[in-house]
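Let me begin by presenting the structure, written as structure tokens, before commenting on it.
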Amino acid sequence: MTASDIKRIAYIRSIPVSRAGPYIPELARTVTDAGRAARIFYTDGDCGAADFPGGTWEKLPEDATPDRIADRIRAWGADGVVSLSFPDEAGLRDAVVKEKLARYGIPMVSNGLEPSRLLADKWETKKILADHGLDTPPGMLVDGTLLKNGAAEVPVYADIIRLKAEEIGYPLLTKAVWGSSGNGIRFIRDRAELEEYLATPDEGNHVLERCITGELCTVEIVGADGEYAVQPLCFTGPTGGRPTFAFWELRSSAPRPADDAAFEPVAEKLKKLCTTLGITGVINLDIIYSGGTYHILEINPRVSGATALGVAASGRNTYLAMTEILLGQWRAPAGPVLPRRRWSLEFPVDNVTDAFVEEAEQALDVVQITPTLVVDGREYGGLMIASCEYGDEARFLRVITDLDATHQVLRPEMRTRLGELLTGPAARAAA
């Protein structure tokens, strides 16, 4: 099937479409302006003309099976499909949808079953990273069922873990081999806390690894067939202690020349890894930067909550790039990493009202404002993503400070951290 044969493009989305504004609206307009029909099949939230302009939309049950999704896409008459879903379980679901649609000759931009399965498994991912010469925290695979003597009586297994923990070094973390969004992570500060863990282990397989102190960062890679683009690095907060809710942090893609240069050889290795695995679409990586080294924690085989942050910094729309892959129009830009063209900032906001949103959108380059963030059924405060031209930092700070004075949307520590970031070394590097 050639690009000219693809007249009807279906998109699959597993979280609210509005969470990807303005980049899904930009995608929809581009597709329909080119004379193609577009429809988004989504399983959470609502969708309307503002979320998917020019196209149509269809809501499916939240627990829709791959067969149900594939049947609805075929019933609509799609010639090609793109997955915009996350977290991991939704990415895996779409990998199955891809296999089912392939039987009918319908191409789909989504990672296939094998790379999706491997990368969703955190222990398999660690082995793949090591094979490609990439740094990852030292660790071991722990069988929680065996530790509970549920599979076999192996009393010495706990002693093996104790010895390995001493070799790895404290503090430690455990995390489920299959899981995402930081769910189920346990922090182990010392030997005493290891004994508590051994006395109350979690079921199933877990990775036990050193908890590295440094800066948590994330990066997205998009492409296919050896042609990959790496979005600018986004730094998302400190790490080294007990896990905190990621969206409480100031997350940014900001000018850091020395750190960016240190990442370039890592980016080249990651592109080779993508080629080896046959990545088609997107992967997202969680990384810790410590002592000049990028330690890769995991690779998520799908888009992520940080997609908008990277796109705002580079100006290269990931969702549109995936459509170009489907149409055979994708060519990766030159260079190890896409250039960062502007500041990209994400921070929590409280007391989000229509008046605040309207005033913020008039005065700032707002990417999106989410009034209430819902994660695993729990409601948190709001979230704002904004971008800022280099050289415009002082005005941005003045405007956000004035907005806060009127609407009380920023916590004092967040207001301080924004000021420090936009007037510190990164701002001087941007000048």
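The values are calculated or read from the model by the stated rules, or taken from the named source; none is laboratory data. Here the structure is a predicted model, which means the values were calculated and not measured. A quick note on method: Cβ atoms are made from the backbone with ideal geometry, for glycine too, and the neighbour counts reach across all protein chains shown. Protein only, heavy atoms only, side chains kept; ligands, DNA and RNA dropped before computing areas. Shrake-Rupley method; radii C 1.70, N 1.55, O 1.52, S 1.80 Å.
Give me the helices (runs of 4 or more DSSP H) completely within region 87-195, filtered to those with at least 2 residues that are under 30 Å from Leu326 (Cα atoms) and among the small types (Gly, Ala, Ser), ordered by residue number. Walk me through how you get there before you give the answer.
Working: elements: 88-102, 113-120, 122-131, 144-147, 157-168.
It comes to 88-102, 113-120.
If I go through region 79-93 residue by residue, how many of them are open to solvent by less than 20 Å² (accessible area, probe 1.4 Å) and touching a helix residue (DSSP H, G or I) at 6+ places or on another chain (Cβ under 8 Å)?
Start the filter on region 79-93 by keeping residues that are open to solvent by less than 20 Å² (accessible area, probe 1.4 Å), which leaves 80-85, 88, 90-91.
The next check asks that each one be touching a helix residue (DSSP H, G or I) at 6+ places or on another chain (Cβ under 8 Å); those that pass are 80-85, 88, 91.
Looking only at that region, the number is 8.
Scan region 222-240 for residues that are within 17 Å of the chain's Cα centre (by Cα) and farther than 27 Å from Leu418 by Cα and jot them down.
Within region 222-240, Val222, Gly223, Tyr228, Ala229 meet the criteria.
Among Thr2, Thr32, which is the only one that is at pLDDT 95 or above, surrounded by fewer than 21 Cβ atoms within 10 Å (Cβ to Cβ) and of a type in the set (Ser, Thr, Tyr)?
Details: Thr2 fails: at pLDDT 95 or above.
One residue alone meets the criteria, Thr32.
Within region 206-243, can you find the residues that are touching a helix residue (DSSP H, G or I) at 6+ places or on another chain (Cβ under 7 Å) and either outside any strand (DSSP E or B) or open to solvent by 20 Å² or more (accessible area, probe 1.4 Å) (or both)?
If the condition is that a residue be touching a helix residue (DSSP H, G or I) at 6+ places or on another chain (Cβ under 7 Å) and either outside any strand (DSSP E or B) or open to solvent by 20 Å² or more (accessible area, probe 1.4 Å) (or both), then Arg210, Gly226, Gln231, Pro232, Leu233 are the ones that fit.
Looking at region 124-140 only, could you name the residues that are of a type in the set (A, V, I, L, M, F, W, C) and surrounded by 15 or more Cβ atoms within 10 Å (Cβ to Cβ)? Even if it seems obvious, please write down each step before you answer.
Let us first name the residues in region 124-140 that are of a type in the set (A, V, I, L, M, F, W, C), namely 128-130, 134, 140.
Result: Ile128, Leu129, Leu134, Met140.
Looking at region 357-378, can you tell me whether even one residue there is aliphatic (A, V, I, L, M), out of contact with any Phe, Trp or Tyr (no Cβ under 9 Å at 6 or more places or on another chain) and open to solvent by 40 Å² or more (accessible area, probe 1.4 Å)? Reasoning before the result, please.
Of the residues in region 357-378, the ones aliphatic (A, V, I, L, M) are 357, 360, 363-364, 366-367, 369, 373-375.
Retained after the next criterion (residues that are out of contact with any Phe, Trp or Tyr (no Cβ under 9 Å at 6 or more places or on another chain)): 357, 360, 363, 366.
Add one more test, that the residue is open to solvent by 40 Å² or more (accessible area, probe 1.4 Å), and what stays is none.
No; the residues of region 357-378 include none that is aliphatic (A, V, I, L, M), out of contact with any Phe, Trp or Tyr (no Cβ under 9 Å at 6 or more places or on another chain) and open to solvent by 40 Å² or more (accessible area, probe 1.4 Å).
Looking only at region 257-292, count how many residues are polar (S, T, N, Q) and either open to solvent by 40 Å² or more (accessible area, probe 1.4 Å) or more than 20 Å from Pro137 (Cα to Cα) (or both). Full working, then the answer.
Residues of region 257-292 polar (S, T, N, Q): 275-276, 280, 284, 290.
Next cut, either open to solvent by 40 Å² or more (accessible area, probe 1.4 Å) or more than 20 Å from Pro137 (Cα to Cα) (or both) only: 275-276, 280.
So the count comes out to 3.
Give region 395-416 a look and list any residue that's open to solvent by 70 Å² or more (accessible area, probe 1.4 Å) and not β-branched (Val, Ile, Thr), or say none. Explain how you work it out, then say what you get.
Taking region 395-416 first, the residues open to solvent by 70 Å² or more (accessible area, probe 1.4 Å) are 395, 398, 402, 405-406, 408, 411-413, 415-416.
Once the filter is applied, which keeps residues that are open to solvent by 70 Å² or more (accessible area, probe 1.4 Å) and not β-branched (Val, Ile, Thr), region 395-416 yields Arg395, Arg398, Asp402, Ala405, Gln408, Arg411, Pro412, Glu413, Arg415.
Just to verify a result, which residue in region 174-211, among those that are of a type in the set (A, V, I, L, M) and at pLDDT 95 or above, is farthest from Thr307 (Cα to Cα)? Working first, answer last.
The first filter runs over region 174-211 and keeps only residues of a type in the set (A, V, I, L, M), leaving 176-177, 185, 188, 192, 194, 198-199, 207-208.
When the remaining residues are screened for being at pLDDT 95 or above, the result is 188, 192, 194, 207-208.
Details: Ile188: 31, Ala192: 39, Leu194: 36, Val207: 26, Leu208: 28 Å.
Among those residues, the one meeting the criterion is Ala192.
When you look at Ala75, is it exposed (fewer than 14 other Cβ atoms within 10 Å of the Cβ) and out of contact with any Asp or Glu (no Cβ under 7 Å at 6 or more places or on another chain), yes or no? So that I can check it myself, show each step before the final result.
On the way: exposed (fewer than 14 other Cβ atoms within 10 Å of the Cβ): yes; out of contact with any Asp or Glu (no Cβ under 7 Å at 6 or more places or on another chain): yes.
When the stated conditions are applied, Ala75 passes them.
Pick from region 5-29 the residues that are among the hydroxyl-bearing types (Ser, Thr, Tyr) and within 19 Å of Ile369 (Cβ to Cβ): which of them is modelled with the highest pLDDT?
Applying the first criterion (among the hydroxyl-bearing types (Ser, Thr, Tyr)) to region 5-29 yields 11, 14, 18, 23.
Still in the list and also within 19 Å of Ile369 (Cβ to Cβ): 18, 23.
Details: Ser18: 88, Tyr23: 95.
Within region 5-29, the match that is modelled with the highest pLDDT is Tyr23.
Residues of region 107-123 being of a type in the set (A, V, I, L, M) and buried (at least 23 other Cβ atoms within 10 Å of the Cβ), which ones? Explain how you work it out, then say what you get.
We begin by selecting, within region 107-123, every residue of a type in the set (A, V, I, L, M); these are 108-109, 113, 118-120.
Answer for region 107-123, where residues must be of a type in the set (A, V, I, L, M) and buried (at least 23 other Cβ atoms within 10 Å of the Cβ): Met108, Val109, Leu119, Ala120.
Please tell me if Ala262 is closer than 30 Å to Asp392 by Cα and either hydrophobic (A, V, I, L, M, F, W, C) or at pLDDT below 95 (or both). Working first, answer last.
Details: closer than 30 Å to Asp392 by Cα: yes; either hydrophobic (A, V, I, L, M, F, W, C) or at pLDDT below 95 (or both): yes.
The answer is yes for Ala262.
Counting just the residues of region 43-72 that are of a type in the set (D, E, K, R) and in contact with a helix residue (DSSP H, G or I) (Cβ under 8 Å, 6 or more places away or on another chain), which one comes out most open to solvent (accessible area, probe 1.4 Å)?
Of region 43-72, the ones of a type in the set (D, E, K, R) are 44, 46, 51, 58-59, 62-63, 67-68, 71-72.
Those still in the list that are in contact with a helix residue (DSSP H, G or I) (Cβ under 8 Å, 6 or more places away or on another chain) too: 46, 51, 58, 67.
Details: Asp46: 117, Asp51: 38, Glu58: 31, Asp67: 81 Å².
The residue in question is Asp46.
Scan region 159-169 and tell me whether some residue there is farther than 22 Å from Ser290 by Cβ, open to solvent by less than 30 Å² (accessible area, probe 1.4 Å) and at pLDDT below 95. Before you say what the answer is, go through the steps one by one.
First pass over region 159-169, keeping only residues farther than 22 Å from Ser290 by Cβ: 159-163.
Next, from what is left, pick out any that are open to solvent by less than 30 Å² (accessible area, probe 1.4 Å): 161.
Filter again for at pLDDT below 95, leaving none.
Scanning region 159-169, I find no residue that is farther than 22 Å from Ser290 by Cβ, open to solvent by less than 30 Å² (accessible area, probe 1.4 Å) and at pLDDT below 95, so the answer is no.
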